[in-house]
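The structure appears right after this line, and notes come after that.
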Amino acid sequence: MKIKVLGAAKTVTGSCYLIEYQNKKILVDCGMFQGHDEHLNYEPFGFEPSELDMVLLTHAHLDHSGRLPKLVREGFEGRILSTSATLDLARIMLLDAAKLQEEEAETTSRRNLRRGMEPVEPLYDVGDAIETISFFGPGVKYDTRLEIYPGLYVTFRDAGHILGSSFLEIEADGKRLIFSGDLGNRDKPIVRDPESPKLHDVDHIFIESTYGNRLHKSIEESKHELLNAIKDTFERGGNVIIPSFAIERAQDLLYFIREFKETGEISRDTKVFLDSPLAIQATKIFRAHRECFDDEANELLKQHKDPFNFPGLVITRNVEASKEINKIESGAIIIAGSGMCTGGRVKHHLKHNLWREECSVIFVGFQAKGTLGREIVDGKDEVEIYGERIKVRAKIYTINGFSAHADRDILLDWLAKTNPRGVVHPVHGEEETINIFEKSINELGYKTYVPNLAETIEI
């Protein structure tokens with residue numbers, strides 16, 4: 001057996017691993033590179049897509065699923081296995097990503113033509129995304145050991161990261177492998193905590209390292225930070241802008257704000273705008289997959305309460321409604337994508353509010369290097385939005401405790417339960433973070449090896 005590392009090597013995005021077993025080729029994830037690594041999306045895969053037999057998809061986030069339509073565009077005709085919740089979320093994520101690819105290609109082509117240059121093709125289009133969904137098989141159930149090919153077994157376990165997310169336990173010829181995908185934080189609302197691995201004495205573990213160098217504040221502390229940031233902004237007479245990932249983070253925010261309103265900590269009349277078509281669709285999918293909810297969320301449903309709805313919530317489905325929000329000068333909470341401010345409606349809201357010192361921008365998720373969100377978090381006093389230089393005068397908050405990723409101690413605790421007898425491979429992290437996390441793993445007595453991009457590991 002061989003494993004070729006084709007993404008998330010000493011970087012956070014682009015997760016992709018090629019398993020070669022006997023005469024079969026199986027991919028674990030096919031993620032999109034983001035930030036500084038975005039150019040890698042246009043490079044060859046490192047294998048022939050038409051020769052690939054299957055994709056095992058850990059979850060729907062684009063840094064794990066976003067190149068699937070490119071894979072199909074270039075000849076893949078195999079099966080894609082995931083949980084049913086991941087399939088439903090991937091459907092909307094990939095269609096949305098395809099539309100963005102088309103729009104960006106069209107904009108670049110017009111600019112090129114004006115300069116006497118050639119037009120460009122999108123990485124993939126909507127047709128490719130629709131075709132991709134047709135290759136998904138029936139949803140896989142958690143904790144079911146599947147023999148996907150003779151002698152090759154895979155089990156999907158609940159990773160507790162987002163709705164339907166999984167880590168993979170793989171067995172073949174006496175060898176045991178685990179791909180962590182993205183492991184979740186503990187005590188978050190809606191989804192269950194990460195499941196403990198059931199496979200022990202593991203030979204090779206590919207473990208995410210996004211926050212392998214730090215500890216998160218508790219969810220309760222982070223909720224308190226969010227509430228105080230909102231109150232402080234309203235006292236200053238401004239708006240609250242929250243760049244949010246459409247899947248999981250937007251739903252968490254709705255959940256917390258509902259609690260704030262129910263306890264009277266913010267006024268029931270406060271307008272909260274969910275200004276993300278993708279997040280609106282994702283929230284409907286959340287409601288359809290109660291099997292992924294934790295006990296607390298299911299208890300709310302038994303009481304006939306909607307975890308994601310409350311007085312004052314405004315769903316803005318169209319562009320005209322989104323533009324109207326920018327006429328509001330104070331007292332509004334605006335949740336909009338994209339989470340790293342690389343596109344979407346949040347950029348318009350930043351353009352109208354970022355220069356106003358009475359306003360606040362609250363970051364509640366990871367900001368990759370090279371993104372607008374990272375520039376703001378890193379303290380730039382001026383940023384470019386749609387070709388215009390905008391002063392950063394708004395108050396900037398970063399609340400990492402809401403992260404959907406496990407912190408260092410959760411990662412190490414999860415890893416210890418696998419009782420590794422072989423090698424641990426830290427991946428899916430910035431290089432300096434991986435180096436720190438590797439030392440923590442070594443201190444537990446485990447062997448490590450950090451793979452490079454396009455490196456093949458013999459099993």
Residues satisfying the stated conditions in segment 10-47, i.e. among the polar types (S, T, N, Q) and farther than 16 Å from L81 by Cβ: T11, T13, Q22, N23, Q34, N41
Select from segment 168-184 the residues that are in a strand (DSSP E or B) and of a type in the set (D, E) and write down the one among them that is nearest to P197 (Cα to Cα). E169
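Do we have S222 as over 13 Å from I333 (Cα atoms), polar (S, T, N, Q) and surrounded by 19 or more Cβ atoms within 10 Å (Cβ to Cβ) here?
Criteria met by S222.
Condition check ((1) free of Cβ contacts under 8 Å to residues at least 24 places away in the same chain; (2) small (G, A, S); (3) assigned to a loop (DSSP other than H, G, I, E, B)) across all residues:
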{"residue": "L87", "(1), (2), (3)": "no, no, no"}
{"residue": "M93", "(1), (2), (3)": "no, no, no"}
{"residue": "L100", "(1), (2), (3)": "no, no, no"}
{"residue": "T107", "(1), (2), (3)": "yes, no, no"}
{"residue": "M117", "(1), (2), (3)": "yes, no, yes"}
Residues that are in contact (Cβ under 8 Å) with a residue 40 or more places away in the chain and more than 23 Å from S338 (Cα to Cα): does segment 221-229 have at least one? yes
Among the residues of segment 299-314, which ones are part of a loop (DSSP other than H, G, I, E, B) and not small (G, A, S)? Q303, H304, K305, D306, P307, F308, N309, F310, P311
If we ask which residues in segment 1-33 are among the polar types (S, T, N, Q) and either farther than 18 Å from S65 by Cβ or surrounded by fewer than 23 Cβ atoms within 10 Å (Cβ to Cβ) (or both), their number turns out to be 2
Pairs needed: first member in segment 163-186, free of Cβ contacts under 8 Å to residues at least 24 places away in the same chain; second member anywhere, in a loop (DSSP other than H, G, I, E, B) and surrounded by fewer than 21 Cβ atoms within 10 Å (Cβ to Cβ); C-beta distance under 9 Å; at least 6 residues apart or different chains. G174/D203
The one condition in (1) surrounded by fewer than 21 Cβ atoms within 10 Å (Cβ to Cβ); (2) in contact with an Asp or Glu (Cβ under 6 Å, 6 or more places away or on another chain) that H64 fails to fulfil: (1)
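Which residues, counting only those in segment 368-380, are at pLDDT 95 or above and under 18 Å from the mean Cα position of the chain (by Cα)?
L372, G373, R374
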Please count how many residues of segment 64-84 are outside any loop (DSSP other than H, G, I, E, B) and either under 14 Å from S165 (Cβ atoms) or more than 18 Å from the chain's Cα centre (by Cα) (or both). 10
With respect to E384, is the statement that it is more than 24 Å from the chain's Cα centre (by Cα), modelled with pLDDT of 95 or more and within 24 Å of F33 (Cβ to Cβ) true? yes
Would you say G445 is in a loop (DSSP other than H, G, I, E, B) and either surrounded by fewer than 18 Cβ atoms within 10 Å (Cβ to Cβ) or in contact with a His (Cβ under 6 Å, 6 or more places away or on another chain) (or both)? yes
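Which of the following residues is in contact with a helix residue (DSSP H, G or I) (Cβ under 8 Å, 6 or more places away or on another chain), farther than 19 Å from I459 by Cα, buried (at least 20 other Cβ atoms within 10 Å of the Cβ) and not charged (D, E, K, R): L95, L71?
Values: L95 fails: buried (at least 20 other Cβ atoms within 10 Å of the Cβ).
Result of the check over L95, L71: L71.
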Restricting to segment 320-336, name every residue that is surrounded by fewer than 16 Cβ atoms within 10 Å (Cβ to Cβ) and outside any loop (DSSP other than H, G, I, E, B). E320, A321, K323, E324
Can you list residue pairs whose Cβ atoms sit under 8 Å apart, with the first residue in segment 326-354 being on the phi > 0 side of the Ramachandran plot and not assigned by TED's automatic domain parsing to the domain that holds Y386 and the second being among the aliphatic types (A, V, I, L, M) and buried (at least 21 other Cβ atoms within 10 Å of the Cβ)? Count only pairs 6 or more apart in sequence or on different chains. none
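Okay, residues lined up against (1) among the aliphatic types (A, V, I, L, M); (2) closer than 29 Å to G174 by Cα; (3) surrounded by fewer than 21 Cβ atoms within 10 Å (Cβ to Cβ):
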{"residue": "P44", "(1), (2), (3)": "no, no, yes"}
{"residue": "L57", "(1), (2), (3)": "yes, yes, no"}
{"residue": "P119", "(1), (2), (3)": "no, no, yes"}
{"residue": "P150", "(1), (2), (3)": "no, yes, yes"}
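Identify, from the list G365, G343, the residue that is under 19 Å from the mean Cα position of the chain (by Cα) and surrounded by fewer than 20 Cβ atoms within 10 Å (Cβ to Cβ). Walk me through how you get there before you give the answer.
Working: G365 fails: surrounded by fewer than 20 Cβ atoms within 10 Å (Cβ to Cβ).
Answer to the check: G343.
The values are calculated or read from the model by the stated rules, or taken from the named source; none is laboratory data. Computed from a predicted model, the values in this text were never measured in an experiment. Because the Cβ atoms are built from the backbone with ideal geometry, glycine has one as well, and the counts that use them run over all protein chains shown.
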